[in-house]
Amino acid sequence: MIRINENYTRLKPSYLFSEIANRVAQYQSENPGADIIRLGIGDVTKSLPPACINAFHKGVDELSCDSTFKGYGPENGYAFLREKIAGEDFHKRGAPIDADEIFISDGAKCDTGNFQELFANDITIALPDPVYPVYLDTNIMAGRAGNAKNGRYENIVYLDGTMENGFIPQLPSQPVDLIYLCFPNNPTGAVITKSRLQEWVAFAKEQKALILFDAAYEAFITDETLPHSIFEIDGARQVAVEFRSYSKTAGFTGTRCAYTVVPKECVAYTESKSEILLHPFWKRRQSTKFNGVSYPVQKAAEAVYSDAGKEQVKKRINEYLLNARIICDAMDDLQFSYVGGKNSPYIWVHGKGSDSWDFFDRLLTKAQIVCTPGLGFGQCGEGYIRLSAFNSLENVQTAMDRMKKVLA
Ligand code: PLP
């Protein structure tokens, strides 16, 4: 008899985006002429930078000729890309990461979701709330979360984000083994300072824990005092793994390229408390279960680091950040409290007492704007919505004009 992994039955139905789609479809059918502006999505709207497109084309052309053809690529990704990453993303910021500590992949979603496979099933997981749902769901699938009671899983240590703590959670007051952090954060747009991140690294060291640091939105940091990488923090090499992605940085959401950094000193422990290096384990896991990213896509990602690529990426990020600033200005005018939007494409807005779905409905029916209800990211998201800067300048301006008219 084939038996199911019953942990899957513990997953909450992922109804957030389907419920949003249903409510929007219903509104549209009742108001066929409505010009709906979507500020709910976490997908980019601008094209790939021309430097990436050119490199992509050249990569494809190389596959058309026997002498330059490429079959299976190197397990961790091509050295030309890993060396660029080590130099540009880490050495230039004083972070000591070598090219052979970098694993090229097809997404930070898969990597943040898969990394937990390396750990025992009875470890304790610390998760921020609100949170990018992949961290929680993959631990539920693995059987680590336990049963849901009053909307929370009994074996998860939740790190509550609130307006009071600026959505930068406090250190847990109990022992934990695996800690998920994401800065700049999705969904809140909150960022962390070096000194606060240093506290997390010290905590992880003291606990013999590991931090999984998701830096998928690092490219949106404009405040030069903020860390782009956890490896800018002393001591992080022993206790942290970092995830990066070209999705939001350079518009690769449909093209797919990302990477994970596993330093060679980074350890976990056996039951008898001896240290085991994680680097060879992740290498083994990836070479067994993952086939790599295609050569033309890795060439396109490499072009992000060319002079033209850097300029084109910066232009796109600045355009999204301008949208974010327009949203923040409108929230200031309307006297809504919010976090994010300064070093992030997301603005996390408090609904002045409305619950998340009421706020969503009000924006849809009064201003024809689609947002994301905060409750979809965890209990601490109730009462908030997420607005995204991934749209055109005109749409963002129109949306904010409408909001100012109907919510003033
Ligand atoms: N991490 C966070 C926090 C995200 O918001 C996202 C995408 O929305 C990802 C990872 C996934 O990135 P990728 O497109 O590389 O899978």
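The values are calculated or read from the model by the stated rules, or taken from the named source; none is laboratory data. These figures come from a predicted structure and were not determined experimentally. As a convention, Cβ positions derive from the backbone with ideal geometry for all residues, glycine included, and neighbour counts pool all protein chains shown. Surface accessibility is based on the protein's heavy atoms, side chains included, excluding ligands, DNA and RNA. Shrake-Rupley method; radii C 1.70, N 1.55, O 1.52, S 1.80 Å.
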Legend entry - Nearby lysines by direct alpha-carbon distance to Lys12 (threshold 17 angstrom, same-chain neighbours under 8 apart not counted): Lys149
Inset, instruction - Show which lysines lie in cross-link reach of Lys46 when reach means a straight Cα distance below 21 angstrom and same-chain residues fewer than eight apart are skipped. - result: Lys109, Lys248, Lys299, Lys310, Lys314, Lys315, Lys342
Inset, instruction - Pop out the ³J(HN,Hα) list for the stretch 199-210 in order, Karplus 6.51 cos²θ - 1.76 cosθ + 1.60 with θ = phi - 60°, rounded to Hz; leave Gly and Pro as x. - result: 4, 5, 5, 5, 4, 4, 5, 5, 8, 6, 9, 10
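Ignoring ligands, DNA and RNA, what percent of the accessible area of the chain is carbon or sulfur (1.4 Å)? Don't jump to the answer; show the numbers that get you there.
Numbers: 9120 of 18130 Å².
Roughly 50 percent of what the probe reaches on the chain is carbon or sulfur.
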Inset, instruction - Could you order peptides 167-175, 30-38 by the average number of other Cβ atoms within 10 Å of their residues, highest first? - result: 167-175, 30-38
Legend entry - Rounded to whole Hz, the Karplus (6.51, -1.76, 1.60) HN-Hα couplings of the stretch 267-274, x for glycine and proline: 10, 10, 10, 7, 4, 8, 6, 8
Inset, instruction - Skip the ligands, DNA and RNA, and give the accessible area per residue of the chain with a 1.4 Å probe, whole Å². - result: 44 Å²
Inset, instruction - Could you name the aspartates and glutamates whose alpha carbon sits less than 17 Å from that of Lys205, not counting residues in the same chain fewer than 8 places away? - result: Asp177, Glu232, Asp234, Glu242, Glu265, Glu275
Inset, instruction - Let me have the 222 nm mean residue ellipticity of the chain computed from DSSP H runs of 4+ only, each contributing -39500 (n - 2.57), with the sum over all residues rounded to the nearest 500. - result: -11000 deg cm²/dmol
Legend entry - Exposure ranking of Leu277, Leu407 by accessible area [1.4 Å probe, largest first]: Leu277, Leu407
Legend entry - Whole-angstrom gap from the stretch 162-208 to the stretch 271-315, using each part's C-alpha centre: 24 Å
Legend entry - Neighbourhood net charge (14 Å Cβ-Cβ; Lys/Arg +1, Asp/Glu -1) for Ile192: -3
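When only Cα pairs under 8 Å and 6 or more residues apart are kept, what is the percent relative contact order across the stretch 282-374?
It comes to 15 percent, rounded to a whole number.
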Inset, instruction - Could you rank the peptides 148-157, 121-130 by their average count of other C-beta atoms within 10 Å per residue, with the highest value first? - result: 121-130, 148-157
Inset, instruction - Give a quick list of GluC sites (Glu not before Pro) in the stretch 263-343 that DSSP marks as loop, anything other than H, G, I, E or B, with at most 13 other Cβ atoms within 10 Å. - result: Glu271
